[in-house]
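The structure appears right after this line, and notes come after that.
The values are calculated or read from the model by the stated rules, or taken from the named source; none is laboratory data. Computed from a prediction, not measured in an experiment: that's the story for all the values here. Neighbour counts run over all protein chains shown; Cβ positions are idealised from the backbone, glycine included.
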Amino acid sequence: MKRRAFTLIELLVVISIIGLLSTIATVSLATARAKSRDVKRMADLKQISTAVELYSNANGYLPTNNYLPGGGWCTYVWNASFPQFINDIAPYMPNVPFDPKFPKQAGDYFYKNLDGTSKYTLCANMENPTGKSYDYSTPCAGGMVYNYCIYPNGQ
């Protein structure tokens, strides 16, 4: 009676095909996750913008900036060392958003009040910049450069 079995070559081919398919699936999943984090960042900027606009409508001026050395007047949105911005918008946005990949890391989101009354900028770092950003080179405190910025009041 002859015993039938798989040869070593056949097993290696099957294992390599499974490895290739799992690699492709992992890469596709990583790309999808990065895109979903970027969408969350854009939604967070919109939420922060809405809170800033509500604050401005109620008070007649934009939320306070905090001076960070080397970067001009700006505020990391979550930064507990400079709580004034968070305190200003807290009634309009009780939960401050964090970057989905690196929560509570310096530079999660960036707010800069440009003239004290009507113009401001909101920035984040996207994993996959789309080319739809208004400014790819907005410098912030400490040399942070953001690759996605919005100017909600159309400047």
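Here are the numbers for this structure:
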{"read-out": "Looking only at segment 120-142, and only at residues there that are at pLDDT below 60 and outside any loop (DSSP other than H, G, I, E, B), the one that is surrounded by the most Cβ atoms within 10 Å (Cβ to Cβ)", "value": "ALA141"}
{"read-out": "Scope segment 54-78; condition at pLDDT below 70 and either aliphatic (A, V, I, L, M) or touching a strand residue (DSSP E or B) at 6+ places or on another chain (Cβ under 8 Å) (or both); matching residues", "value": "ASN65, ASN66, TYR67, LEU68, GLY71, GLY72, TRP73, CYS74, THR75, TYR76, VAL77, TRP78"}
{"read-out": "Where a residue in segment 47-58 is in contact (Cβ under 8 Å) with a residue 24 or more places away in the chain and its partner, wherever it lies, is of a type outside the set (A, V, I, L, M, F, W, C) and part of a helix (DSSP H, G or I), with Cβ under 6 Å and at least six apart", "value": "TYR55/ASP88"}
{"read-out": "Segment 41-53 - residue that is farther than 10 Å from ILE150 by Cβ and in contact with a helix residue (DSSP H, G or I) (Cβ under 8 Å, 6 or more places away or on another chain) and, of those, modelled with the highest pLDDT", "value": "ALA51"}
{"read-out": "Per-region count, segment 97-113, residues crowded, with 19+ Cβ neighbours inside 10 Å and either modelled with pLDDT of 70 or more or more than 30 Å from ALA34 (Cβ to Cβ) (or both)", "value": "8"}
{"read-out": "Test set (1) at pLDDT below 65; (2) within 17 Å of the chain's Cα centre (by Cα) - GLY116 fails condition number", "value": "(2)"}
{"read-out": "In segment 1-28, residue modelled with the highest pLDDT [restricted to those that are of a type outside the set (Gly, Ala, Ser) and assigned to a loop (DSSP other than H, G, I, E, B)]", "value": "THR7"}
{"read-out": "Scan of segment 1-44 for residues that are touching a residue at least 12 places away in the same chain (Cβ under 8 Å) and among the aliphatic types (A, V, I, L, M), ordered by number", "value": "ALA34, MET42"}
